[in-house]
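In what follows, a single structure is set out as structure tokens and then discussed.
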Amino acid sequence: MAETAIRRRQNQILKAAIDLFLERGYENVSVDAIVERTGGSKTTVYSYYGGKEALFIAAIEALTAEILEPLCCFQVEHLTPEEGLTVLGRQFLTTLACPRAIALFHTVLAECRQFPGLAEAFYNAGPKLFKHLVSQTMAHWQDQNLLRRGSPELLTEQFLSLVQGGWNMRMLLGLAGPLSTHEIHNLAINGTKTFLHGLAQDSAGHTQA
């Protein structure tokens, strides 16, 4: 019972820290501010997390897992490549384009110089896992002769780049916000078709994408 209460309290502190770091950035958040939001004492925060820096790292890792790890649960090997990649592309964009994920990306970018291991920890906890899933799926389709040969890892990078289009760069620069459901749908379908079929022309001279 006591252990459960401790875990509940740790999670409460972590949740408040996540919200504050996303709202204000690392430099503008103090342990006092976290305590003010959660109650209790600074001593409790230090006893659980050792200090503000360790709490910040824990907050980023927890939020990354919350947002990105569910991506790695999708199993689409039973679908055709076009169906499966469209599903993966749609979920990929839905996850990346939510306001909380965008705030997370901006926070990591803003603080990665001060915390040299932050970017790698973020990448390993989410994007790397998802790319591995897509690569494994690509390899499965290749084994079934449903997808062209080539490095599954390279094909994955190419596919995700096509799905994101120019939105990802604009988002990172703060020039674009969340995507609408319609935009996500179109990006996923068009990116998948371009990846699988290129920009070849059909017999009537129309460009296929």
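Return the pair list, or none, for Cβ contacts closer than 7 Å from residues in segment 33-60 that are more than 25 Å from Ala103 (Cβ to Cβ) to residues that are acidic (Asp, Glu) and surrounded by fewer than 17 Cβ atoms within 10 Å (Cβ to Cβ), at least 6 apart or on different chains.
If the second residue must be acidic (Asp, Glu) and surrounded by fewer than 17 Cβ atoms within 10 Å (Cβ to Cβ), the pairs left are Lys42/Asp32.
Please determine whether any residue of segment 114-124 is buried (at least 18 other Cβ atoms within 10 Å of the Cβ) and among the small types (Gly, Ala, Ser).
no
With the structure loaded, tell me whether Asp32 is of a type in the set (D, E, K, R), assigned to a helix (DSSP H, G or I), within 18 Å of the chain's Cα centre (by Cα) and farther than 30 Å from Thr192 by Cα or whether it fails that test.
On the way: of a type in the set (D, E, K, R): yes; assigned to a helix (DSSP H, G or I): yes; within 18 Å of the chain's Cα centre (by Cα): no; farther than 30 Å from Thr192 by Cα: yes.
Answer is no for this residue.
Going through segment 79-101 one residue at a time, which ones are out of contact with any helix residue (DSSP H, G or I) (no Cβ under 8 Å at 6 or more places or on another chain) and either outside any helix (DSSP H, G or I) or basic (Lys, Arg) (or both)?
Thr80
Could you count how many residues in segment 132-162 are under 16 Å from the mean Cα position of the chain (by Cα), farther than 17 Å from Phe74 by Cα and buried (at least 17 other Cβ atoms within 10 Å of the Cβ)?
Qualifying residue count, segment 132-162: 0.
Regarding segment 151-166, can at least one residue be identified that is among the aliphatic types (A, V, I, L, M), outside any helix (DSSP H, G or I) and at negative phi? Lay out the reasoning, then the answer.
Of the residues in segment 151-166, the ones among the aliphatic types (A, V, I, L, M) are 154-155, 160, 162-163.
Add one more test, that the residue is outside any helix (DSSP H, G or I), and what stays is none.
No, segment 151-166 contains no residue that is among the aliphatic types (A, V, I, L, M), outside any helix (DSSP H, G or I) and at negative phi.
Here is a list of conditions, (1) in a helix (DSSP H, G or I); (2) in contact with a Phe, Trp or Tyr (Cβ under 8 Å, 6 or more places away or on another chain); (3) at pLDDT 90 or above, and Tyr26 meets all of them except one; can you say which number that is?
(1)
Among the candidates Gln158, Gln208, Gln164, which residue alone is modelled with pLDDT under 95, among the polar types (S, T, N, Q) and over 21 Å from Arg100 (Cα atoms)?
Exactly one of Gln158, Gln208, Gln164 is modelled with pLDDT under 95, among the polar types (S, T, N, Q) and over 21 Å from Arg100 (Cα atoms), namely Gln208.
The values are calculated or read from the model by the stated rules, or taken from the named source; none is laboratory data. Here the structure is a predicted model, which is why all the values come from computation and not from measurement. All Cβ positions, even for glycine, are placed from backbone atoms using ideal geometry, and neighbour counts span all protein chains on display.
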